[in-house]
Amino acid sequence: MAQLNGFDAHEVEPNQTFDVLPAGKYLAIITASEMKATKAGTGEFLELQLEVVEGPYKGRKLWDRLTLKHENALTVQIAKGTLSSICRAVGVMRPRDSAELHGIPLLAKVKVKQRSDTGESVNEIAGYERKAPAAPSPVPSTSSTPPWKR
């Protein structure tokens, strides 16, 4: 039980409900990360919270879980491959702490899937990529001769 110190719902607007994001690639940053024990207590996963940083879904949150310690070697191998993709996408190849991955833009490939237990549509991150570099801006000419006469 938790004390709510006189909270009054009349004074606070309720949160909106959010539909799942459409499948696609979103520019996002990792905003939080934490190692947690698996439900069965037989391993640990790195839980990542991401935030979309541009476009119509700016501010929306996404989550990913990477099971880095587990009795199933394939599960760990998949998680380490995903972590490698994240590291490459943000340009931090040897992080000592997951906080080193925070705040650096990357592309998160998001898909929509149905939960097997409820049938509800949910988002799942299917991969990570490096943000495309910005196109170089044209360099202004210092010559007074028009470009077509050079």
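The values are calculated or read from the model by the stated rules, or taken from the named source; none is laboratory data. Because the structure is predicted, anything quoted here is derived from the model rather than measured. A quick note on method: Cβ atoms are made from the backbone with ideal geometry, for glycine too, and the neighbour counts reach across all protein chains shown. With ligands, DNA and RNA removed, areas are computed over all heavy atoms of the protein, side chains included. Shrake-Rupley method; radii C 1.70, N 1.55, O 1.52, S 1.80 Å.
A few remarks follow.
- For the chain, the relative contact order comes to 22 percent (Cα pairs under 8 Å, sequence separation of at least 6).
- Dipole magnitude of the chain, debye to nearest 20 (Cβ charges: Lys/Arg +1, Asp/Glu -1, about Cα centre): 1060 debye
- Within the listed set THR17, THR75, THR31, the Gaussian network model of the chain (springs between alpha-carbon atoms below 10 Å) gives the highest mean-square fluctuation for THR17.
- Amide proton proximity set for LYS25, modelled H, under 5 Å, gap of 5+: VAL110
- Amide H to amide H, with H built 1.01 Å from N, GLY43 comes under 5 Å of THR38, counting only residues 5 or more places away or on other chains.
- Protein accessible area in segment 36-76, 1.4 Å probe - carbon and sulfur %: 50 percent
- At a probe radius of 1.4 angstrom, the accessible area of the chain per residue rounds to 74 square angstrom.
- Axis of helix 73-90 versus longest Cα principal axis of the chain: the two differ by about 40°, to the nearest ten degrees.
- Packing-based ranking, highest mean first, of 37-49, 91-103 given that Cβ atoms within 10 Å are counted: 37-49, 91-103
- Rounded percent of accessible protein surface that carbon and sulfur make up, segment 88-140, 1.4 Å probe: 52 percent
- Cα→Cβ-extended label distance, 7 Å offset, between LYS80 and ARG115, nm: 3.2 nm
- Inter-label distance for GLU129 and LEU27, nm, one decimal - labels placed 7 Å from Cα along Cα-to-Cβ: 1.4 nm
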